[in-house]
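Reviewing the structure listed below.
The values are calculated or read from the model by the stated rules, or taken from the named source; none is laboratory data. On a predicted model such as this, the values are computed, not experimentally measured, just so you know. As a convention, Cβ positions derive from the backbone with ideal geometry for all residues, glycine included, and neighbour counts pool all protein chains shown.
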Amino acid sequence: MSLVRIAVRVAAVEALKGRTLVGDNVLDSEIGVIDINPEGGINISENKPFIAVYSDVSVANGADTDLRSFTKNGNIDLVFETGIAATMFETDENGDSQLVGFGFPDTDRAMERSLDLIVRQIFDALTDPANEWAQIFKSLTARFSEVRRGRISTDSGGLRRAAQQISLKVDLVADPVSGEPLKAGTPFSDFLSKIESNGSPDLKNLAELIHKQIGDSKDASEVNQRRFGYTFEEAHAMLLAVPSEALP
């Protein structure tokens with residue numbers, strides 16, 4: 001219940017890079033980039049506008065589970081955060097303060113408009129049919145059942161900060177079963193092929209780790225037991241192949 005969580009975050013991050021006002025400053029699971037302080041204000045650790053992607057709470061229950069299987073991902077809260085702080089503004093030779101890289105003036109109105117625009121760009125990037133990473137992102141998700149959006153802002157110590165958060169409740173496809181070869185053309189197989197061909201050393205290293213986790217091809221009996229969480233006796237009763245020496 002974790003490989004697809006990794007995949008959907010990576011696909012979302014890659015789908016957004018270079019397609020919003022934050023450029024390539026799209027972060028995967030960056031801890032503490034937006035922090036709520038004890039006084040209820042917010043702290044932003046980044047020094048330029050950003051988008052951070054997280055996979056939060058996940059639930060698989062009821063009809064979503066197959067006995068003791070751990071391959072079902074159920075639904076997760078996929079969170080996108082974006083924020084701006086007054087420290088991200090610079091003063092030009094005319095004495096005008098503007099948001100670095102944006103050209104927007106240093107006003108509360110401009111900060112809020114910037115965040116609204118970034119959020120719209122997130123949605124556009126994730127639904128762009130010409131964006132290969134966006135297509136992989138969508139293929140890893142069965143459906144969106146809820147979209148929540150919120151904002152937080154603060155003015156403490158003379159430093160203004162504003163942030164917005166999008167939370168998508170997303171039903172994910174199941175994780176691949178260890179020992180079962182990936183079928184070409186399936187969502188996770190397409191994701192793995194994409195990161196293997198990517199020039200990023202980080203993504204190539206991730207591909208190697210995933211291959212090791214899935215492992216070499218195993219006998220159908222072992223794959224069936226992993227897929228459904230069966231004991232040997234249960235698998236035999238369900239007329240699934242099990243090694244004869246495993247039966248009582």
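Quick notes on this structure:
- Test for residue 128: is it part of a loop (DSSP other than H, G, I, E, B), in contact with a helix residue (DSSP H, G or I) (Cβ under 7 Å, 6 or more places away or on another chain), surrounded by fewer than 17 Cβ atoms within 10 Å (Cβ to Cβ) and touching a residue at least 60 places away in the same chain (Cβ under 8 Å): yes
- Any hit, the stretch 170-185, residues being at positive phi, surrounded by fewer than 13 Cβ atoms within 10 Å (Cβ to Cβ) and modelled with pLDDT under 90: no
- Qualifying residue in the stretch 51-66 (condition: in a strand (DSSP E or B), at pLDDT below 85, of a type in the set (A, V, I, L, M) and under 25 Å from residue 174 (Cβ atoms)): yes
- Top-ranked residue in the stretch 67-83 [being assigned to a loop (DSSP other than H, G, I, E, B) and under 18 Å from residue 167 (Cβ atoms); ranked as modelled with the highest pLDDT]: 73
Let's see how each residue does on (1) farther than 20 Å from residue 28 by Cβ; (2) out of contact with any strand residue (DSSP E or B) (no Cβ under 6 Å at 6 or more places or on another chain); (3) at pLDDT 70 or above:
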position	(1), (2), (3)
192	no, yes, yes
198	no, yes, yes
204	no, yes, yes
215	yes, yes, yes
230	yes, yes, yes
246	yes, yes, no
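- Single residue of the stretch 1-27 satisfying the filter (part of a loop (DSSP other than H, G, I, E, B) and of a type in the set (D, E, K, R)) that is surrounded by the most Cβ atoms within 10 Å (Cβ to Cβ): 19
- Residues satisfying the stated conditions in the stretch 2-50, i.e. at pLDDT below 90 and on the phi > 0 side of the Ramachandran plot: 23, 29, 32, 40
- Matching residues in the stretch 174-188 - criterion: being under 15 Å from residue 142 (Cα atoms) and among the charged types (D, E, K, R): 175
- Residues that are buried (at least 17 other Cβ atoms within 10 Å of the Cβ) and either over 28 Å from residue 50 (Cβ atoms) or of a type in the set (Val, Ile, Thr) (or both) within the stretch 189-204 comprise just one, 195.
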